[in-house]
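**Q** What follows is a single structure, and I will ask about it in a moment.
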Amino acid sequence: MRVGILTGGGDCPGLNAVIRAVVRKGEVRYADTFVGFRDGWRGVVEGMTMPLDVQACRGILPRGGTILGSSRTNPYKLERGPERCKVTLAELSVDALVAIGGEDTLGVANRLASDGVQVVGVPKTIDNDLSATEVTFGFHTAVQTCVDAIDRLHTTAESHDRVIVCEVMGRHAGWIAMYAGIAGGAAEVLIPEEPFDIDVICENLTRRHARGHYASVVVVAEGAAPKAGTLVYQSGELDAFGHARLGGIGNLLAVEIEKRTGFETRATILGHIQRGGTPTAFDRVLATRFGVAAIDCVHDGHFGQMVALQAGTIVRVPLSAAVAELKTVDPELVAVAEIFFN
Ligand code: F6P
């Protein structure tokens, strides 16, 4: 078969490991040939490709990012976008497509699948907010990066008797903040799922410091927001999928905490550091398992499906189930974190 591969949305460590696994099994086991589409769906709409074979994948397993490039292009927002995708696939004689991405990229894959395009999805997002899979690759690496940073922030916070607010990624779901906060011993973890009350946070910090703690790290997901009517907070411009550019809640919190508690407070925004670099061993293995399973899915003709991890096993689920609703942080995890607040 002739198989196209694309990576869409925000990049994350492990994308190259998936590409490598799809190509390796496809070429060696099934005698497939591959077309690499550049920059996510943009490459399919505009016919931008690059050669892809086992040779092109040598050495990419530990490399962060994606050799194919990525974008947030949404064909359904472009004139004749879906039709242009179909024309490109026909012109290049592509029989099937492996789309590696998060909610937006796989949402497009789902719509194209209903339109007759033979597509299989692989779940990717450092935010870990895709339904139907226990975890996405990239998440584990991002959490480890955050925990390393929080450990460093703790030592400098202690030297200077400070509060440090550490802002991490997590647009709609606070998985990174929650895992990194628990693993890093955060004094507070603020997530998009639960609007926060600045008064309660400041009371908790004041009580904590009165008991002899002289430093606190507050972990906040970029998508966390204050309870209605408590603090004014505005997010930035929208992308092609209608998402606001985030990043700013950490600075706002630091100013408010210092003003209300009198504790010297600083903010650190980890930003894209969380998305870069080499994947952890866990993410390399998960990405490799997903890639191998995806090309098997193609050869079984199971289109409109996504590979997923459930109870430690790789399974196939309908793309529609993966993008139906966001997977938000488990309340059980919130309860664990809260034991360490105050
Ligand atoms: O891919 C998800 C994500 O990392 C979010 O956590 C974050 O809000 C967003 O991407 C950042 O996007 P960009 O790289 O376009 O600034």
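Where a number appears in this text, it was derived from the coordinates with a stated rule and is not lab data. These numbers come from a predicted model, not from an experiment. With ideal geometry, Cβ positions are generated from the backbone for all residues, glycine too; neighbour counts draw on all protein chains shown.
**Q** Filter the range 137-158 for residues that are without any contact (Cβ under 8 Å) to a residue 40 or more places away in the chain and out of contact with any Gly (no Cβ under 7 Å at 6 or more places or on another chain); which is surrounded by the fewest Cβ atoms within 10 Å (Cβ to Cβ)?
**A** Only one residue fits best here, namely T155.
**Q** Might you let me know whether the range 165-177 holds any residue that is surrounded by fewer than 24 Cβ atoms within 10 Å (Cβ to Cβ), touching a Pro at 6+ places or on another chain (Cβ under 6 Å) and assigned to a loop (DSSP other than H, G, I, E, B)?
**A** Yes; the residues of the range 165-177 include at least one that is surrounded by fewer than 24 Cβ atoms within 10 Å (Cβ to Cβ), touching a Pro at 6+ places or on another chain (Cβ under 6 Å) and assigned to a loop (DSSP other than H, G, I, E, B).
**Q** Checking V18 against (1) assigned to a helix (DSSP H, G or I); (2) within 16 Å of the ligand (Cβ to nearest atom); (3) within 12 Å of L97 (Cα to Cα), only one condition comes out false. Which one?
**A** (3) is the only condition that V18 fails.
**Q** Just give me the residues in the range 116-128 being buried (at least 24 other Cβ atoms within 10 Å of the Cβ) and part of a loop (DSSP other than H, G, I, E, B), in sequence order.
**A** T125, I126, D127, N128
**Q** Here's another thing I want to ask about it. Identify all residues within the range 63-74 that are crowded, with 21+ Cβ neighbours inside 10 Å and more than 17 Å from the chain's Cα centre (by Cα); write none if there are none.
**A** Hits for the range 63-74 are L68, N74.
**Q** Please indicate, with yes or no, whether at least one residue in the range 298-321 is within 16 Å of the ligand (Cβ to nearest atom) and either surrounded by fewer than 21 Cβ atoms within 10 Å (Cβ to Cβ) or under 20 Å from P123 (Cβ atoms) (or both).
**A** No, the range 298-321 contains no residue that is within 16 Å of the ligand (Cβ to nearest atom) and either surrounded by fewer than 21 Cβ atoms within 10 Å (Cβ to Cβ) or under 20 Å from P123 (Cβ atoms) (or both).
**Q** Can you tell me which residue within the range 36-58, out of those that are assigned to a strand (DSSP E or B) and surrounded by fewer than 22 Cβ atoms within 10 Å (Cβ to Cβ), is farthest from the ligand (Cβ to nearest atom)?
**A** By that ranking, first place goes to P51.
**Q** For the condition more than 16 Å from the ligand (Cβ to nearest atom), out of contact with any strand residue (DSSP E or B) (no Cβ under 7 Å at 6 or more places or on another chain), small (G, A, S) and on the phi > 0 side of the Ramachandran plot, what is the one hit in G229, G248, G242?
**A** G229
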